[in-house]
Amino acid sequence: MSDTFIREVDEDLRQKQLSSLWKKYGKIVIGIAVGLVLVVAGRSLYIYSVESKYNEQATAYSQALKLNNSEISKALDPVMASDVDGYQIIAAFKKVELALAAEDKLGAIAILDQFIATSSVDQIYKDIANIQAVIIEIDTAPVDNIRARLSLILDGGSTFQYLAAELLGLSELKNGEIEAAKTRLQTLIENVDAPVTIKSRAEQYLSVVE
């Protein structure tokens, strides 16, 4: 039995184990991202709650949700383009939800990229959009794409730097950059400020390759 064949079998097993771990934890990570969206959007909505333009966008958003699924996304475009931060956010992520429900991952990522490029919201909301985009494309995107998306979050002291490090480490594992992934995940595990849940997942990812 050749060394090449053994390496191929090992790599196949590793990818299956990583896929199994991601299926186990992916929904949790997505839930975290969605929960953060609701929290931060809620803050913005509260700030605007006494202004007339808030009421206009609230009405437009509510009316859009009464339409058929195929019509909702288009109806949310002007809400997403408004200058009410909270409704920019929830409209964008509702459109992403609809795209994913229709199994249109490319469409969902395009919506997130549009939101990141054109919205007037604070950077923290754009960080969440980049995290969500990474979660959507982590199984298919080259690691350089993932690294580029997460670079500002990793280097800028963002609230989401530990989640970004986890996702980049997972992408590196999936793309065969084993040593880089091991170093990143081990650093994450040893970081006293990193959340316990993220450290625990990092340890399980490492267990696949050690």
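The values are calculated or read from the model by the stated rules, or taken from the named source; none is laboratory data. The model shown is predicted, which means the values in this text are computed figures rather than measured ones. Note that we place each Cβ from the backbone using ideal geometry, even for glycine, and neighbour counts take in every protein chain shown.
Identify all residues within the range 69-96 that are of a type in the set (A, V, I, L, M) and outside any helix (DSSP H, G or I); write none if there are none.
Result: Leu76, Ala81, Val84.
I'd like the full set of residues that are within 17 Å of Ile135 (Cα to Cα) and either assigned to a loop (DSSP other than H, G, I, E, B) or not assigned by TED's automatic domain parsing to the domain that holds Val209 (or both), limited to the range 160-191.
Phe160, Asn175
Mind telling me which of the residues Ala194, Ala148, Ala110 ends up being assigned by TED's automatic domain parsing to the domain that holds Gln88, surrounded by fewer than 23 Cβ atoms within 10 Å (Cβ to Cβ) and either aliphatic (A, V, I, L, M) or on the phi < 0 side of the Ramachandran plot (or both)?
Of Ala194, Ala148, Ala110, the one residue that is assigned by TED's automatic domain parsing to the domain that holds Gln88, surrounded by fewer than 23 Cβ atoms within 10 Å (Cβ to Cβ) and either aliphatic (A, V, I, L, M) or on the phi < 0 side of the Ramachandran plot (or both) is Ala110.
Inspect the range 163-181 for any residue being surrounded by fewer than 18 Cβ atoms within 10 Å (Cβ to Cβ) and of a type in the set (Ser, Thr, Tyr) and give the result as yes or no.
No, that holds for no residue.
Checking the structure you have, find out if any residue of the range 15-26 is assigned to a helix (DSSP H, G or I), touching a helix residue (DSSP H, G or I) at 6+ places or on another chain (Cβ under 9 Å) and modelled with pLDDT of 90 or more.
no
How many residues does the range 114-129 contain that are within 12 Å of the chain's Cα centre (by Cα) and either surrounded by fewer than 19 Cβ atoms within 10 Å (Cβ to Cβ) or closer than 25 Å to Leu65 by Cα (or both)?
4
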